[in-house]
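**Q** Sharing a structure below in structure tokens format, with a few things to ask.
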Amino acid sequence: MVFLFLLVTIGFLVLPASGDATTDTIQAANNVYVSNYTIDPAVLFTGDTATATFYVTNGNANQSVMVNHATFGDNDILLTSSSYVTNTNIGPLQTRPFVFSIGTDKPAGTYYPSFSLSFTAGNGMYYRTPVKVDNTLLVMTIADQPDSFTQGVKETISVQISNPRDNDVKNVIFEATGNDVTLTPSKTYIGDLAAGTSTMVNFTATADEPTTLFMHVDYGNGDNSHTINTTLPILFTTDKLQADPVMSNIVIALNNGTYDVTGDVTNAGLSNANGVTVTSLSPAVPQDPERNYVIGTLKPDDFGSFEITFTAPDGTT
């Protein structure tokens, strides 16, 4: 009888110990929390996908916590990857990341899906997270262009690219294309463009014929590709600021069948006239000693004198 009494007594003492272990497990789960989270990209376009990462920290100094289910999303922000459904141990004072792929087809706005985490002890944790959707595009503006385009003349064009979004974008590439025009450079890699900032792209265009420039900016919002476009017509017009060489004071002398012509060249325009050279054209035939005469550069309102010699067929005036 004494032996049986001891067995019953020992069994009675074990039961409270099991109850304390369960209570300790529940209390340990209460010290587990979301210490940080990231969403990349931070702001989505409608139709974009993103990566959401939640960092769960076990605040217990001496006890591990076992979790068996983690998920993220709702009817607005859809989970496109799998949930965590296997048991996962988080050691004392350790942090465990939970990574999800998400997407949405909702219009612009802020949505509040929940991150949920279950514990083997039977309780759970819920953490609501704002996810912003904004369909604001990058902006491309022609910041500077010539007053007019001239056939075969190289002109500089400046394009400003601005990011009015609340998040950074990456892999920004500018490209210009067009028929009958030489573009240098035709493509420029910009890289990252921070939220609320702008950058300038300069390139030159030399047109052989009137044409249209097509300008594109490709960029990534996270791993999602987006594009903006604009055009610039190139029409040939008179440049009011261009150089305008004018001949004056022409004197023609004929000596033994050779014409000797002297005169002045004045730049009546508003830009430098570079590489000014005076020569005779067919049917005249340039002759020594002055087959052609190089004046060089003429500034606005500046002039240079010249002398050329040539022969011409009889009867040519």
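**Q** Given Cα pairs under 8 Å that are at least 6 residues apart, what percent is the relative contact order of the chain? Numbers along the way, then the final one.
**A** Numbers: 749 pairs, mean separation 34.4, N = 317.
Normalised by residue count, the contact order of the chain is 11 percent.
**Q** A further question on this structure: Starting from 0.36 nm per residue, how many nanometres of slack lie between Tyr112 and Thr237 once their C-alpha separation is accounted for? Please list the in-between numbers first.
**A** Details: separation 125, 0.36 × 125 = 45.00 nm, distance 5.69 nm.
Full extension of this stretch gives 39.3 nm more.
**Q** Can you give the FRET efficiency for Tyr126 and Asn31, using 1/(1 + (r/R0)^6), R0 = 22 Å, r = Cβ-Cβ distance, to the nearest 0.05? Working shown, then result.
**A** Values: r = 16 Å, r/R0 = 0.74.
Efficiency, from the Cβ-Cβ distance: 0.85.
**Q** Dipole of the range 128-278 (Lys/Arg Cβ +1, Asp/Glu Cβ -1, origin at the Cα centre): which of Ala143, Thr204, Asn272 lies farthest to the positive side?
**A** Ala143
**Q** So for the range 139-234, averaging the separation of alpha carbon pairs under 8 Å that are six or more residues apart and normalising by length, what relative contact order in percent results? Don't skip to the end; give the middle numbers.
**A** Numbers: 238 pairs, mean separation 30.0, N = 96.
31 percent.
**Q** Based on DSSP H runs of at least 4 residues, each adding -39500 (n - 2.57), what is the mean residue ellipticity at 222 nm of the chain after dividing by all its residues, to the nearest 500 deg cm²/dmol?
**A** Numbers: 1 runs with 28 residues, N = 317.
Result for the chain, helices only: -3000 deg cm²/dmol.
**Q** How far is helix 2-29 tilted off the main Cα axis of the chain, in degrees rounded to 10, range 0 to 90?
**A** So the helix axis and the longest Cα principal axis differ by about 20 degrees.
**Q** Hey, can you grab everything whose amide H is under 5 Å from the amide H of Gly269? Only 5+ residues off in sequence or another chain; H modelled, so Pro and N-termini drop out.
**A** Asp244, Asp301
**Q** Could you tally the net charge around Val34, taking each other residue with its Cβ under 12 Å from the Cβ of Val34, Lys/Arg +1 and Asp/Glu -1? The partial results should precede the final answer.
**A** On the way: positive: Arg96, Arg128; negative: none.
Combined, the nearby Lys, Arg, Asp and Glu give +2.
**Q** Tell me, what HN-Hα J-couplings in whole Hz come from the Karplus equation 6.51 cos²θ - 1.76 cosθ + 1.60 at θ = phi - 60° for each residue of the range 47-64, using x for Gly and Pro?
**A** Computed from phi, the couplings for the range 47-64 are x, 6, 10, 8, 10, 10, 10, 10, 9, 9, 10, 8, x, 7, 7, 10, 9, 7 Hz.
Only the coordinates and a few stated rules stand behind these numbers; no lab work does. None of the values given here were measured: they were computed from a predicted structure. Cβ coordinates were reconstructed from backbone atoms using ideal geometry, including for glycine residues, and neighbour counts include every protein chain displayed.
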